[in-house]
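Undergrad: Below you'll find the structure I mean.
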Amino acid sequence: MKKTNVIQAEDLTKMFGDFKAVNGITFEVKKGEIFGFLGANGAGKTTAMKMLIGISIPTSGKANVAGFDVFTQAEDIKKNIGYMSQKFALYDDLTVKENISFFGGIYGLTKARIKEKTKGLIEDLGLQEVSNQLVGSLPLGWKQKISFSVALLHEPKIVFLDEPTGGVDPITRRQFWEMIYKAAHDGTTIFVTTHYMDEAEYCDRVSIMVNGKIEALNTPKKLKEQFQVDNMNDVFLKLARG
Amino acid sequence: MKRFIGFITKEFYHIFRDTRSLFILFGMPIVQILLFGFAITNEINNVDIAILDHSKDATTKEIINKISASKYFSIKQILERETDIEAVFKKGKVKAVLNFETDFSKNLIKDHQATVQIITDATDPNTANTISNYINSILQNYQQEQNKAIQIDYVIVPEPRMVYNPELKSVYMFVPGVMTIILMLVSAMMTSISITREKELGTMEILLVSPIKPFQVIIGKVFPYIFLSVINAVVIVLLSIFIFKMPIQGSLFLLALESVLFIISALALGILISTMSATQQTAMMISLMGLMLPVILLSGFIFPISSMPLSLQVLSNIIPAKWFIIILKGIMLKGVGIEFIWKETFILMGMTILFIGLSIKKYKIRLE
């Protein structure tokens with residue numbers, strides 16, 4: 001394993017009965033990279049991601065995340081990654097501050113560290129006015145920005161984002177991607193699934209899953225050349241239609 | 001440990017910021033115990049009855065006086081004709097009519113026998129039955145008084161004595177039942193809802209991805225409800241002692257231990273339900289249909305198990321509440337110690353272990 005690879009999967013497979021949800025995928029993600037993980041619904045993206053974040057045990061193959069083995073060191077992986085899903089929008093009945101200190105707490109941050117992080121986060125996002133409001137009263141776009149920041153709270157090596165921008169407007173999406181760029185610039189590896197093909201263009205490299213297999217993996221530019229189309233949307237359509 | 005405290009703090013925020021759960025937690029027990037204690041009662045008091053007296057002689061007058069002197073009945077109306085009986089029932093003014101035959105006294109002396117008809121409104125069968133029994137016993141009482149003068153060679157005098165609840169107060173019967181229901185409701189339903197809520201909102205996934213261990217998540221979710229259930233049990237016991245003057249005969253310590261055992265078994269059930277349901281609504285339906293109904297119908301709380309059909313009697317054995325009610329009645333009313341309820345305690349323990357085992361197994365499968 002090269003030192004610069006923070007995720008390395010080799011022939012990773014997950015079976016549900018006779019059904020191969022993930023069929024021998026092999027890929028690696030480099031440190032600080034923004035890696036787009038694409039695929040139609042049911043292609044096996046979520047299952048693959050669950051194996052990488054240590055909540056689903058692979059049927060066969062090998063995988064190493066943040067330097068730890070997914071079979072034997074799932075607990076160590078959990079300490080070193082952040083996770084945010086589309087469904088997740090913090091606890092609505094807790095205030096912004098309470099959410100931050102709760103998640104800081106379960107990742108084992110000290111009180112002083114949580115306090116410092118809370119202050120920084122509130123300043124960065126300009127949340128001074130609403131920091132004592134219940135999260136439920138905030139707009140979806142804000143919630144997603146906060147939950148991304150919360151996923152970064154314990155300074156993980158890798159952040160897994162499962163369709164993070166579902167349901168928000170283009171401007172907020174744009175701002176969200178600026179946050180992603182900043183995190184990547186600071187050295188955090190970003191592993192992101194999305195349905196928006198314009199977002200795929202923002203990624204350093206993109207993999208496209210079809211029926212449990214990775215059918216394409218390259219930079220957006222090279223993928224477009226390979227399939228002789230102008231945009232990622234057409235790449236996706238060509239592959240997904242087979 | 002620090003993580004754990006943070007987790008529990010969060011749970012308390014959830015509970016105290018949700019008016020619905022606050023009501024179920026604190027309003028419900030008080031409302032239920034007061035309702036069952038005051039409103040819903042099997043005792044009869046000042047029941048309105050009517051009299052149709054065809055003979056109007058000394059004996060019937062004495063009997064009528066005796067009945068109206070009791071605190072159970074008040075005579076609302078004196079009827080004149082047979083046809084009035086139907087009318088007065090239809091109006092719903094009285095619950096019973098006493099119909100004395102003509103020449104009551106004369107018959108009594110001549111034939112040593114006279115008839116009085118007791119007609120009750122059986123739209124409410126329990127009350128009708130009770131009224132009829134009460135009137136019967138007043139009549140028997142009267143008869144015995146009269147017979148004192150007469151010499152009979154032998155006589156059988158039944159002397160009923162009701163032990164453990166001599167005044168037959170219904171609240172004595174309801175307190176153990178209501179306590180069981182409340183503990184079941186708070187522990188099983190509230191936990192299953194609170195766990196499925198995290199699943200439904202997707203926060204459970206986040207918790208599973210975090211370094212906090214699954215069993216810590218579950219214990220963190222369950223812990224506040226153990227605490228709140230214990231408070232509820234204390235409130236119920238205090239209400240029954242101070243408002244309903246119900247004595248607790250047995251050891252309070254034993255009562256507390258047994259209650260904690262039942263709370264744990266209900267919590268385990270709640271966790272089990274949460275592993276089976278994906279949404280809060282499903283969890284609530286399963287809790288209500290699968291737990292509350294059996295607890296109310298088959299636990300012996302309202303309907304005596306011994307008079308159920310055999311199949312239901314057998315079925316009632318698998319309901320933890322049945323055993324807990326037996327234990328509660330034993331400690332509260334009879335004042336027995338563990339030596340009399342060890343069997344029920346063991347059954348309850350066995351069930352608890354089974355539920356915990358099942359939910360751990362289910363929970364693991366779900367994680368996979």
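Undergrad: Collect the residues in segment A:28-46 that are farther than 22 Å from A:W177 by Cβ and modelled with pLDDT of 90 or more, keeping them in residue-number order.
TA: Once the filter is applied, which keeps residues that are farther than 22 Å from A:W177 by Cβ and modelled with pLDDT of 90 or more, segment A:28-46 yields only A:E28.
Undergrad: Could I ask something else about it? Considering only residues that are under 22 Å from the mean Cα position of the chain (by Cα) and over 25 Å from A:V168 (Cβ atoms), look in segment A:105-142 and name the one that is surrounded by the fewest Cβ atoms within 10 Å (Cβ to Cβ).
TA: A:G108
Undergrad: With the requirement that a residue be surrounded by 17 or more Cβ atoms within 10 Å (Cβ to Cβ) and either assigned to a helix (DSSP H, G or I) or more than 29 Å from the chain's Cα centre (by Cα) (or both), what does segment B:120-133 give you? Spell out how you get there, then give the answer.
TA: Pass one, segment B:120-133, residues surrounded by 17 or more Cβ atoms within 10 Å (Cβ to Cβ): B:120-121, B:127-128, B:130-131.
Result: B:T127, B:A128, B:T130, B:I131.
Undergrad: To continue, here is another question. Starting from residues that are in contact with a helix residue (DSSP H, G or I) (Cβ under 9 Å, 6 or more places away or on another chain) and small (G, A, S), keep the ones in segment A:70-119 and report whichever is modelled with the lowest pLDDT.
TA: Ranking the qualifying residues of segment A:70-119, first place goes to A:A89.
Undergrad: To continue, here is another question. Which one of these is farther than 30 Å from B:V178 by Cα, exposed (fewer than 11 other Cβ atoms within 10 Å of the Cβ), in contact (Cβ under 8 Å) with a residue 12 or more places away in the chain and out of contact with any helix residue (DSSP H, G or I) (no Cβ under 6 Å at 6 or more places or on another chain): B:T83, B:T115, B:T102? Talk me through it step by step, then tell me what you get.
TA: Working: B:T83 fails: in contact (Cβ under 8 Å) with a residue 12 or more places away in the chain; B:T102 fails: exposed (fewer than 11 other Cβ atoms within 10 Å of the Cβ).
Step by step, each of B:T83, B:T115, B:T102 is checked, and only B:T115 is farther than 30 Å from B:V178 by Cα, exposed (fewer than 11 other Cβ atoms within 10 Å of the Cβ), in contact (Cβ under 8 Å) with a residue 12 or more places away in the chain and out of contact with any helix residue (DSSP H, G or I) (no Cβ under 6 Å at 6 or more places or on another chain).
Undergrad: Got a number for residues in segment B:66-106 being more than 28 Å from B:Q146 (Cα to Cα) and part of a helix (DSSP H, G or I)?
TA: Of the residues in that region, 8 qualify.
Undergrad: Another question, then. Taking the residues in segment A:29-83 that are of a type in the set (V, I, T) and more than 14 Å from every other protein chain (Cβ to nearest Cβ) as candidates, determine which candidate is surrounded by the fewest Cβ atoms within 10 Å (Cβ to Cβ). Outline the logic, then answer.
TA: Taking segment A:29-83 and keeping what is of a type in the set (V, I, T), we get A:29, A:34, A:46-47, A:53, A:55, A:57, A:59, A:65, A:70, A:72, A:77, A:81.
Restricting the remaining residues to those that are more than 14 Å from every other protein chain (Cβ to nearest Cβ) gives A:29, A:34, A:72.
Details: A:V29: 24, A:I34: 22, A:T72: 8.
Taking the candidates together, the pick is A:T72.
Undergrad: Of a type in the set (S, T, N, Q) and closer than 30 Å to B:T180 by Cα: is that true of B:N45 in this structure? Steps first, answer last, please.
TA: On the way: of a type in the set (S, T, N, Q): yes; closer than 30 Å to B:T180 by Cα: yes.
For B:N45, the condition - of a type in the set (S, T, N, Q) and closer than 30 Å to B:T180 by Cα - is met.
Undergrad: When the residues of segment A:100-115 are filtered to those that are in a helix (DSSP H, G or I) and more than 9 Å from every other protein chain (Cβ to nearest Cβ), which remaining residue is nearest to B:E198 (Cα to Cα)? Walk me through how you get there before you give the answer.
TA: Applying the first criterion (in a helix (DSSP H, G or I)) to segment A:100-115 yields A:100-106, A:111-115.
Subset that is more than 9 Å from every other protein chain (Cβ to nearest Cβ): A:100, A:112-115.
Numbers: A:I100: 17, A:A112: 28, A:R113: 27, A:I114: 23, A:K115: 26 Å.
Looking at residues that are in a helix (DSSP H, G or I) and more than 9 Å from every other protein chain (Cβ to nearest Cβ), I get A:I100.
Undergrad: Checking B:N65 against (1) surrounded by 14 or more Cβ atoms within 10 Å (Cβ to Cβ); (2) at pLDDT 90 or above: exactly one of these is not met. Which one?
TA: (1)
Undergrad: Let me ask you something else. Restricting the first residue to segment B:196-212 and requiring it to be facing chain A (nearest Cβ under 7 Å), which pairs with a second residue that is surrounded by 21 or more Cβ atoms within 10 Å (Cβ to Cβ) meet a Cβ separation below 6 Å and a spacing of at least six or different chains?
TA: B:G202/A:S85; B:G202/A:F88; B:I206/A:F88; B:V209/A:I53; B:V209/A:Y83; B:S210/A:I106; B:P211/A:K78; B:I212/A:I106
Undergrad: For A:N64, indicate whether it is part of a loop (DSSP other than H, G, I, E, B) and more than 23 Å from B:E200 (Cα to Cα). If you could, list the steps in order and put the result at the bottom.
TA: Values: part of a loop (DSSP other than H, G, I, E, B): no; more than 23 Å from B:E200 (Cα to Cα): yes.
Answer is no for this residue.
Undergrad: While we're here: Working only within segment A:33-52, note down all residues that are in contact with a helix residue (DSSP H, G or I) (Cβ under 7 Å, 6 or more places away or on another chain) and of a type outside the set (F, W, Y). Steps first, answer last, please.
TA: The first filter runs over segment A:33-52 and keeps only residues in contact with a helix residue (DSSP H, G or I) (Cβ under 7 Å, 6 or more places away or on another chain), leaving A:34, A:36-40.
A:I34, A:G36, A:L38, A:G39, A:A40, listed by residue number.
Undergrad: Return yes or no: is B:G202 of a type outside the set (D, E, K, R), on the phi > 0 side of the Ramachandran plot and over 24 Å from the mean Cα position of the chain (by Cα)?
TA: Details: of a type outside the set (D, E, K, R): yes; on the phi > 0 side of the Ramachandran plot: yes; over 24 Å from the mean Cα position of the chain (by Cα): yes.
In short, yes.
Undergrad: Which of the residues spanning segment A:84-99 are within 7 Å of chain B (Cβ to nearest Cβ) and either part of a strand (DSSP E or B) or within 12 Å of A:H154 (Cα to Cα) (or both)? Spell out how you get there, then give the answer.
TA: Going residue by residue through segment A:84-99, those that are within 7 Å of chain B (Cβ to nearest Cβ) are A:85, A:87-88, A:91, A:93-94, A:98.
Listed by number, the list holds a single entry, A:S85.
Undergrad: Something else now. Here is a check on your reading of the model: is B:F36 touching a residue at least 12 places away in the same chain (Cβ under 8 Å) and within 14 Å of another protein chain (Cβ to nearest Cβ)?
TA: Numbers: touching a residue at least 12 places away in the same chain (Cβ under 8 Å): yes; within 14 Å of another protein chain (Cβ to nearest Cβ): no.
No: the conditions fail for B:F36.
Undergrad: Tell me whether segment B:102-112 contains one or more residues that are away from every other protein chain (no Cβ under 14 Å) and closer than 15 Å to B:I135 by Cβ.
TA: Quick first cut of segment B:102-112, residues away from every other protein chain (no Cβ under 14 Å) only: B:102-112.
With the extra rule that they be closer than 15 Å to B:I135 by Cβ, the set shrinks to none.
Checking segment B:102-112: not a single residue is away from every other protein chain (no Cβ under 14 Å) and closer than 15 Å to B:I135 by Cβ.
Undergrad: What pairs come up if the first residue lies in segment B:351-368 and is within 14 Å of chain A (Cβ to nearest Cβ), the second is at pLDDT 70 or above and surrounded by fewer than 18 Cβ atoms within 10 Å (Cβ to Cβ), and their beta carbons are under 8 Å apart, counting only those six or more places apart or on different chains?
TA: Listed by first residue and then by second, the contacts come to B:Y363/B:P214; B:L367/B:P214; B:E368/A:I57.
Undergrad: Taking the condition in the same structural domain as B:A278 (by TED's automatic domain parsing), in contact with an Asp or Glu (Cβ under 7 Å, 6 or more places away or on another chain) and closer than 19 Å to A:N80 by Cα, does B:P224 pass?
TA: Values: in the same structural domain as B:A278 (by TED's automatic domain parsing): yes; in contact with an Asp or Glu (Cβ under 7 Å, 6 or more places away or on another chain): yes; closer than 19 Å to A:N80 by Cα: no.
Here the answer is no, as B:P224 does not meet what is asked.
Undergrad: Got a sec? Which helices (runs of 4 or more DSSP H) wholly within segment B:224-336 have at least 1 residues that are surrounded by fewer than 17 Cβ atoms within 10 Å (Cβ to Cβ)? Quick ask: steps written out before the conclusion?
TA: On the way: elements: B:252-276, B:280-285, B:293-298, B:310-316, B:320-329.
Where helices (runs of 4 or more DSSP H) fall fully within segment B:224-336 and carry at least 1 residues being surrounded by fewer than 17 Cβ atoms within 10 Å (Cβ to Cβ), they are B:252-276, B:280-285, B:293-298, B:310-316.
Undergrad: Still on this structure: Output the residues belonging to segment A:1-53 that are touching a Leu at 6+ places or on another chain (Cβ under 8 Å) and not hydroxyl-bearing (S, T, Y). Before you say what the answer is, go through the steps one by one.
TA: First pass over segment A:1-53, keeping only residues touching a Leu at 6+ places or on another chain (Cβ under 8 Å): A:7, A:9, A:22, A:24-27, A:45, A:48, A:51.
Matches in segment A:1-53: A:I7, A:A9, A:V22, A:G24, A:I25, A:F27, A:K45, A:A48, A:M51.
Undergrad: Right, another one. Are any of the residues in segment B:1-21 more than 14 Å from every other protein chain (Cβ to nearest Cβ), free of Cβ contacts under 8 Å to residues at least 12 places away in the same chain and assigned to a helix (DSSP H, G or I)? Talk me through it step by step, then tell me what you get.
TA: Initially, segment B:1-21 is screened for residues more than 14 Å from every other protein chain (Cβ to nearest Cβ), giving none.
Taking every residue of segment B:1-21 in turn, none turns out to be more than 14 Å from every other protein chain (Cβ to nearest Cβ), free of Cβ contacts under 8 Å to residues at least 12 places away in the same chain and assigned to a helix (DSSP H, G or I).
Undergrad: Restricting attention to segment B:160-174, does a residue exist that is assigned to a helix (DSSP H, G or I), in contact (Cβ under 8 Å) with a residue 60 or more places away in the chain and more than 33 Å from the chain's Cα centre (by Cα)?
TA: Among the residues of segment B:160-174, not one is assigned to a helix (DSSP H, G or I), in contact (Cβ under 8 Å) with a residue 60 or more places away in the chain and more than 33 Å from the chain's Cα centre (by Cα), which makes the answer no.
Undergrad: Do you know which residues across segment B:34-65 are farther than 21 Å from B:D124 by Cβ, among the polar types (S, T, N, Q) and not in a helix (DSSP H, G or I)?
TA: B:S55
The values are calculated or read from the model by the stated rules, or taken from the named source; none is laboratory data. It should be emphasised that the depicted structure is a prediction, and the values quoted were computed from it without experimental measurement. Positions of Cβ are generated from backbone atoms using ideal geometry, with glycine treated the same way; all protein chains shown enter the neighbour counts.
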